[in-house]
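Only one structure is covered here, and it is reproduced in the block below.
The values are calculated or read from the model by the stated rules, or taken from the named source; none is laboratory data. As the structure is a prediction and not an experimental result, all values here were calculated from the model. Positions of Cβ are generated from backbone atoms using ideal geometry, with glycine treated the same way; all protein chains shown enter the neighbour counts. Accessible surface is based on the protein model in full, side chains and every heavy atom, while ligands, DNA and RNA are left aside. Shrake-Rupley method; radii C 1.70, N 1.55, O 1.52, S 1.80 Å.
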Amino acid sequence: MSRPARGHGSSGAGARAVGAATVVAAAAGYLVLVVAARTLSPAENAQFLVFWSTLFGLFGVLGGVQQESTRAVGSTAVAVGSPPGARVLPVSLGIGVGLAALVAASAPLWATALLDTHAVALTASLAVAVVAYAGHSGVLGALAGLRSWPTTAWLLASESLVRLLGVAVAAAVVGVALGLQVASAAAAVTWLVVVAVLPLARRAAGARGEGTAPLQARRMLTAMIASSASAALVVGYPTILRASTSPEVWATAAPLVLAISMTRAPLLMPLTAFQGFAISHFLEQRHRGMAALLPVLGGIAAVASVGALAAALVGPWLMTAIFGPAYEVSSALLAVLTLAGGSLALLTISGSAVIAVGRHSWYAAGWVLAAVGAGALLLLDLPLAVRTALSLAIGPVPGIALHLWALRPARERAS
């Protein structure tokens, strides 16, 4: 059986294509938040942001499907003499169905508290979106494994633009939180259109990865342990804040939640979109170990430092100019939150290097350690903004250290 053909184009051209798509996706995400802030009251927007966080938290859990699909298809594409294994898309969809069932079964424990009066409709929206996004993750991961970067870029950008269009229409037509929430979830089916239209996307939908379907599923589930911790720290963090905050305090928390999104997105959204590219890069450079990673970590730290200065200087003005006078946040808090975003970015890219060399358990352990640390700091008896900043800035540090340890040669880790 022949292997799927790899995509065309150089790594440089691929990076530019994915980079352009990431800019589009980031801009679309920002505009969704602006539309919501300008359409809803601050209290209603706080409810929308909880759903947004929960939705993307679940999507983040499925990041493990994308990462393992990239590695499995990429390993098959570069291997010589080894037969390709099972198709990754059916395995991905099966994982999605299982996660959706878990969401539906557990909803009585959390849905009413987090999603308020429309808990049933929003839980159903989440479940359907999870299955759809599992397919998106499998196809996106396969595209990265095949190094089909232009098609990867199309899928990244189109999904975000469809979400923005749906939210804008819902805001104009119904103008209530429920409409914006359902529209946000519905965009997860966009990949079906992309697969129908683009030949390389159809090829990725049929791509085979390394190993049997049960082996792929086990590896995806292992990666999802880490991506669950990642989702809790990155996109699902506002949901954790809501669970640890009284309703009275949460009604005033929308400025802080939007500040977190605004300060971390310039680093984390590109890195999240580039994870397939990063895993493919580290897969090719795996013989170098930590040496391939350290320059990237240094660049991220430098960008985060410059970003913190910029956030302190212009951030307060931007918050009120974009979202309105009710969203005032101090310079100091914006600077600290930007540095905290850099900490999460270091954890994200170090994890990509670890999973590229096949050390799934170390990858998962680093993210879990970071999530536990961040969660513990949220339990401190401090004002919401202070414990949030400490949690996001310090929590990832142990996980970064563990990832770096995992990249050392086995003989050094054993000594």
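Using the alpha-carbon positions of the stretch 87-128, Rg (one decimal) and Dmax (whole number) come out as 12.1, 41 Å.
Given only helices, namely DSSP H runs of n ≥ 4 each adding -39500 (n - 2.57), what is the per-residue ellipticity at 222 nm of the chain, to the nearest 500 deg cm²/dmol?
One gets -27000 deg cm²/dmol as the mean residue ellipticity at 222 nm.
Quick check: the angle from helix 397-406's long axis to the longest principal axis of the chain, C-alpha only, nearest 10 degrees? With rounding to tens, the tilt is 0 degrees.
Across q = 0.13, 0.14, 0.25 Å⁻¹, the stretch 357-406 modelled as identical point scatterers on its alpha-carbon atoms has Debye log10 I(q)/I(0) values of -0.33, -0.37, -0.80, in the order of the q list.
With the convex hull drawn around the C-alpha atoms of the stretch 244-398, the volume per residue stands at 106 Å³.
Once all protein chains are placed together, residue 30 keeps about 60 Å² accessible to a 1.4 angstrom probe. Kirkwood hydrodynamic radius of the chain, from the reciprocal of the average inverse Cα-Cα distance over all distinct pairs: 21.4 Å. Take each peptide in 32-40, 133-141, count the other Cβ atoms within 10 Å of every residue, and average; sorted highest first, the result is 133-141, 32-40. Heavy atoms of the protein chains alone define the surface here; on that basis the stretch 295-338 has 49 Å² accessible area per residue at 1.4 Å probe size. Entry comment: accessible area of the stretch 145-256 is 39 Å² per residue, from protein heavy atoms only and a probe of 1.4 Å.
Return the carbon/sulfur percentage of the accessible area of the chain, one whole number, probe 1.4 Å, all protein chains in place. About 72 percent, which is the carbon plus sulfur part of the accessible surface.
Of the peptides 243-251, 383-391, the ranking by mean beta-carbon count within 10 Å, highest at the top, reads 383-391, 243-251. When each of the peptides 194-201, 162-169, 257-264 is scored by how many other beta carbons lie within 10 Å of its residues on average, the order from highest to lowest is 257-264, 162-169, 194-201. With respect to the chain, whose longest principal axis is taken over its alpha-carbon atoms, helix 11-39 is tilted by about 20°. Between the helical axis of 177-186 and the longest alpha-carbon principal axis of the chain there is an angle of about 10 degrees.
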